[in-house]
Amino acid sequence: MIAIAIVRTKDLLAVVMLTGIYGLLSASFFVVLDAVDVAFTEAAVGAGISGLLMLAAITMTGRTEAPKRHKPLLALLVVFVTGGMLIYGTLDMPYFGSFEAPVHQHVAPRYINDSMQEVGVPNIVTSVLASYRAFDTLGEVAVIFTAGIGVLSLLSLPQRRRSYRLDESKKELMHEQHMVVRIVSKTLIPFILLFALYVQFHGDFGPGGGFQAGVIFAAAIILYAMLFGLDTAKRVFNQTLIQLIAAIGLLLYASVGVVSLFSGVNYLDYNVLADDPVAGQHLGILLIELGVGCTVAAVMIIIFFNFVGRREAQQDANEQNSTELNNSHELKSTELKSTELNNTKQNNREGE
Amino acid sequence: MLAHLSILQVVVPLMAAPLCLFLNRSKLVWLFALLVCAFTFVNSIFLLQQVMSSGTIIYQLGGWDAPWGIEYRIDELNALLLLIISAVGTIVLFAAHTSIQKELPESRHTLFYSLYLLSITGMFGIVSTGDVFNVFVFLEISSLSGYALIALGKDRRALWAAYQYLIMGTIGATFILIGIGLLYQMTGTLNMADLANRLAEVNQTRTVFAAFTFLIVGICLKLALFPLHLWLPNAYAYAPSIVTAFLAATATKVAVYLLIRFTYTVFGIEFSFSILPLQNLFIILGLVGIFAASTAAIYKTNVKHIFAYSSIAQVGYMIIGYAINTTTGLMATLLHLFNHALMKSALFLALGAVMYRIGSVQLSQFQGLGRQMPLTMAAIVIGGLSLIGVPLTVGFISKWYLLLAVIEAGMWPVAVLLLLGSLLAVLYVWRIVETAYFKPPLPGREAVQEAPWTFLAPIWILVLANIYFGIDTRLSVQVAQAASQSLFGINP
């Protein structure tokens, strides 16, 4: 129902909210299926941060869908064929929850029976993700890092000195209006951050881990940036710093593997990290989860900051244009611009 | 350390990508990235040697046994692909510093190299692993970085091209993921070798059939097989020159690898070629692709477009060799993978040099360049001859083996059509030669200088490789033969 509503609705703001609900529903769906870790991720990512990012995108593009000019019949056909194929594929699947299903018979028994002795982590999902299939997780972190770098390479603006005077007065005005929200969230943010840390370090024992923790952590920062302005948030987390945090996260993860290599065993074999293999596994998982958390949080913040930074730059440009036109100070402004241009040119030369 | 070569091939560029951000000086980062790529190149040579002398390398990540953990499995095919990607990646990167000076703003240089390394990491990861889900993860790395790299193009249309590629590529990746999910459901394993064993029991089920179809369609989208090629021409045409040269030589090759790996190793030859009429389907699509794309190439006015369409046609040749389903056919495909990588990287890099000097690759702008940039243009001519398949170039070798395979299989009409298809290549290459050599320089344009040596060196290394491997075919043929025989389960 919600999926249909999402397709049919023309107001993009409503669409974003509906996708949030959709994410929450699928999260509860995963809970019903006993996949709490997946549910947690879906709740944090699908229902939480992706909505925020879409909102940030909408503020740049406008609220309503562009009217369609053509009827995409071919696309509809492809969708039906794909859907048909999916249903056809389910016909011979093992029954849902069946004990005999190959999924439960082949690799899973070892994970369930032996992971406690081999990895020593009560949460089996964590032991599979972070130890048995740790290399996949490293790949996933690299995917997230790639996304962050991709966004940076396309959206980042050259760092510029902004005119704080004008901005600040405007922002004060805007934020005064949201007094209640500001105070409530100000008290909430420390707890969100604390919760993120809890999720981060408790991932071995209960649902959670680096991915979810990173997203929650980033959500707190983004909340702060939304209410107190991007510039205030950037004073704490400036662009270069977050980039480096993202890089360090990935490096930390990969270096754990390199340490194993130098100890003479295969890549990402944690057994040698401490005297006792199980303690080694613990240490390894702790470190890589920390790496995951760093990269995920930093990349989410990078994406949000760059989206919003773009928008503010757009707004500034628009305002400048309009003020120029209104006050007909064109002469002055062109003079200013030319001096600015000269300045930047000089700077460039000095830089070279 | 010798035992860890296979993992180092992937991990070194993977770790180098974030390290780029710490250096943050265009030239320094370039040297660093070049060093890393050169390392992977040398490493891949060692790997190939090791595989050829002592057989498949198996490496268990995290020390866990195969179906529970992830394993790397490098046989002749993987080693060949690793060699192609790392060689092209290194040589092309050599020209990057000069090329992106004119095509990218200074602030993006570090990010560019970081993305380049991530992209190459993704490809290495795909062709090294013996685990199907790991394939998907690294496919994501290489695709995401690929989209971003293409979108960096100076032309505004690059954004739209990257967006199209993103949508098509994501659909392809999703299909592959659905296929992998269905396979896991039926077998409970993600390991390729294990899958091959366990699929035999259940391969008559509809779920496996659906999985097979999803995988094939998903891979063909990535492969840009006609008619799923629509994303390719613009993506190649508007991307930065270096990116085009790198992706054109590697991206589709990785997809061909996946197709071979899934059909031959995971599903098995018998199943793959009997459940769907793959042979006829692919031969027809390949032929139509060759003719449609070559004809389109003849009418294009942007030289990058011309060669992009030519790439689609070349995918047709590869897919025909594959679809013949004999050792010779597969060998022809593998040879063409290697040879086409050499031709296209040389050609697109030469176009990068033209872009550097005159800022455009419109055919009309090529007038008189034959005299003004003699070395660059000569490289384009030789690359073009190789594309056509003239003797003494690599193009001839792959076409020769392909024809042999087709005739061996008794498909005479296909052989005739293949030759006709090559004639179309003569036409589009001739158009460039004619404009560059036989038309007077554009009036009102200052004399264009020859490209700087940072361009000429890598271009000519590639061109000479085109000629060398066209004469001395021992290395390429030997490896291709060993790879195709091991895929067919014949022990030499």
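The values are calculated or read from the model by the stated rules, or taken from the named source; none is laboratory data. Keep in mind that this is a model prediction, so the values were computed, not measured. So basically every Cβ, Gly included, is an ideal-geometry build from the backbone, and we count neighbours across all protein chains shown.
Figures for the structure shown
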{"read-out": "Some residue of the range A:140-155 being of a type in the set (Ser, Thr, Tyr), crowded, with 19+ Cβ neighbours inside 10 Å and either touching a strand residue (DSSP E or B) at 6+ places or on another chain (Cβ under 8 Å) or touching a residue at least 12 places away in the same chain (Cβ under 8 Å) (or both)", "value": "no"}
{"read-out": "Condition check for B:Ser107: modelled with pLDDT of 90 or more, more than 21 Å from B:Ala451 (Cβ to Cβ) and either among the small types (Gly, Ala, Ser) or out of contact with any helix residue (DSSP H, G or I) (no Cβ under 6 Å at 6 or more places or on another chain) (or both)", "value": "no"}
{"read-out": "Restricting the range B:381-438 to residues that are among the polar types (S, T, N, Q) and in contact (Cβ under 8 Å) with a residue 40 or more places away in the chain, the residue that is nearest to B:Tyr468 (Cα to Cα)", "value": "B:Thr393"}
{"read-out": "First in the range A:89-103 and within 11 Å of another protein chain (Cβ to nearest Cβ), second anywhere and part of a helix (DSSP H, G or I) and among the basic types (Lys, Arg), Cβ under 6 Å, 6 or more apart", "value": "A:Leu91/B:Arg206; A:Asp92/B:Arg206"}
{"read-out": "Output for the range B:78-100, where each listed residue is within 14 Å of the chain's Cα centre (by Cα) and among the aliphatic types (A, V, I, L, M)", "value": "B:Leu80, B:Leu81, B:Leu82, B:Leu83, B:Ile84, B:Ile85, B:Ala87, B:Val88, B:Val92"}
{"read-out": "Number of positions in the range B:286-299 that are in contact (Cβ under 8 Å) with a residue 12 or more places away in the chain and surrounded by fewer than 24 Cβ atoms within 10 Å (Cβ to Cβ)", "value": "7"}
{"read-out": "Of all residues making up the range B:417-457, the number that are at negative phi and either in a loop (DSSP other than H, G, I, E, B) or over 28 Å from the mean Cα position of the chain (by Cα) (or both)", "value": "17"}
{"read-out": "Qualifying residue in the range B:213-231 (condition: more than 30 Å from B:Lys102 (Cα to Cα), out of contact with any strand residue (DSSP E or B) (no Cβ under 9 Å at 6 or more places or on another chain) and facing chain A (nearest Cβ under 8 Å))", "value": "yes"}
{"read-out": "B:Leu258 vs. criteria within 17 Å of the chain's Cα centre (by Cα), closer than 19 Å to B:Gly329 by Cβ and not in a helix (DSSP H, G or I)", "value": "no"}
{"read-out": "Candidates B:Leu14, B:Leu28, B:Leu35, B:Leu48 - the one that is at negative phi, surrounded by fewer than 24 Cβ atoms within 10 Å (Cβ to Cβ) and touching a helix residue (DSSP H, G or I) at 6+ places or on another chain (Cβ under 6 Å)", "value": "B:Leu48"}
{"read-out": "Qualifying residues in the range A:238-281 (those that are outside any helix (DSSP H, G or I), more than 10 Å from every other protein chain (Cβ to nearest Cβ) and small (Gly, Ala, Ser)) - the one farthest from A:Ser131 (Cα to Cα)", "value": "A:Ser263"}
{"read-out": "Condition check for A:Val31: surrounded by 13 or more Cβ atoms within 10 Å (Cβ to Cβ) and without any contact (Cβ under 8 Å) to a residue 12 or more places away in the chain", "value": "yes"}
{"read-out": "Subset of the range B:194-252 [touching a Phe, Trp or Tyr at 6+ places or on another chain (Cβ under 8 Å) and free of Cβ contacts under 8 Å to residues at least 24 places away in the same chain]", "value": "B:Arg206"}
{"read-out": "Single unsatisfied condition, B:His97 versus (1) closer than 24 Å to A:Leu152 by Cα; (2) free of Cβ contacts under 8 Å to residues at least 40 places away in the same chain", "value": "(2)"}
{"read-out": "Any hit, the range B:64-86, residues being farther than 25 Å from A:Ala254 by Cβ, surrounded by fewer than 23 Cβ atoms within 10 Å (Cβ to Cβ) and in contact with a Lys or Arg (Cβ under 9 Å, 6 or more places away or on another chain)", "value": "no"}
{"read-out": "Test: residue in the range A:49-59 that is of a type outside the set (Phe, Trp, Tyr), in contact (Cβ under 8 Å) with a residue 60 or more places away in the chain and either out of contact with any Phe, Trp or Tyr (no Cβ under 9 Å at 6 or more places or on another chain) or assigned by TED's automatic domain parsing to the domain that holds A:Ala218 (or both)", "value": "no"}
{"read-out": "Residues that are at negative phi, part of a loop (DSSP other than H, G, I, E, B) and of a type outside the set (Val, Ile, Thr), drawn from the range B:51-69", "value": "B:Trp64, B:Asp65, B:Ala66, B:Pro67, B:Trp68, B:Gly69"}
{"read-out": "Check on B:Ala465, modelled with pLDDT of 90 or more, under 16 Å from B:Ile382 (Cβ atoms) and more than 21 Å from the chain's Cα centre (by Cα)", "value": "no"}
{"read-out": "Residues satisfying the stated conditions in the range A:267-281, i.e. surrounded by fewer than 24 Cβ atoms within 10 Å (Cβ to Cβ) and in contact with a Phe, Trp or Tyr (Cβ under 7 Å, 6 or more places away or on another chain)", "value": "A:Gly280"}
{"read-out": "Out of B:Leu81, B:Leu104, sole residue that is hydrophobic (A, V, I, L, M, F, W, C) and closer than 29 Å to A:Thr137 by Cβ", "value": "B:Leu81"}
{"read-out": "Count of residues meeting criterion [at the interface with chain A (Cβ under 10 Å from one of its Cβ atoms), acidic (Asp, Glu) and either touching a Lys or Arg at 6+ places or on another chain (Cβ under 6 Å) or crowded, with 24+ Cβ neighbours inside 10 Å (or both)] in the range B:101-139", "value": "1"}
{"read-out": "Search result, residues across the range B:33-73 that are among the small types (Gly, Ala, Ser) and under 12 Å from B:Ser6 (Cα atoms)", "value": "B:Ser44"}
{"read-out": "Some residue of the range B:154-177 being facing chain A (nearest Cβ under 9 Å) and closer than 29 Å to A:His106 by Cα", "value": "yes"}
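Here's the yes/no breakdown for (1) surrounded by fewer than 17 Cβ atoms within 10 Å (Cβ to Cβ); (2) in contact with a Lys or Arg (Cβ under 7 Å, 6 or more places away or on another chain); (3) assigned to a helix (DSSP H, G or I); (4) of a type in the set (A, V, I, L, M):
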site	(1), (2), (3), (4)
B:Ser364	yes, no, yes, no
B:Met377	no, no, yes, yes
B:Val381	no, no, yes, yes
B:Pro391	yes, no, no, no
B:Trp400	yes, no, yes, no
B:Gly410	yes, no, no, no
B:Val414	no, no, yes, yes
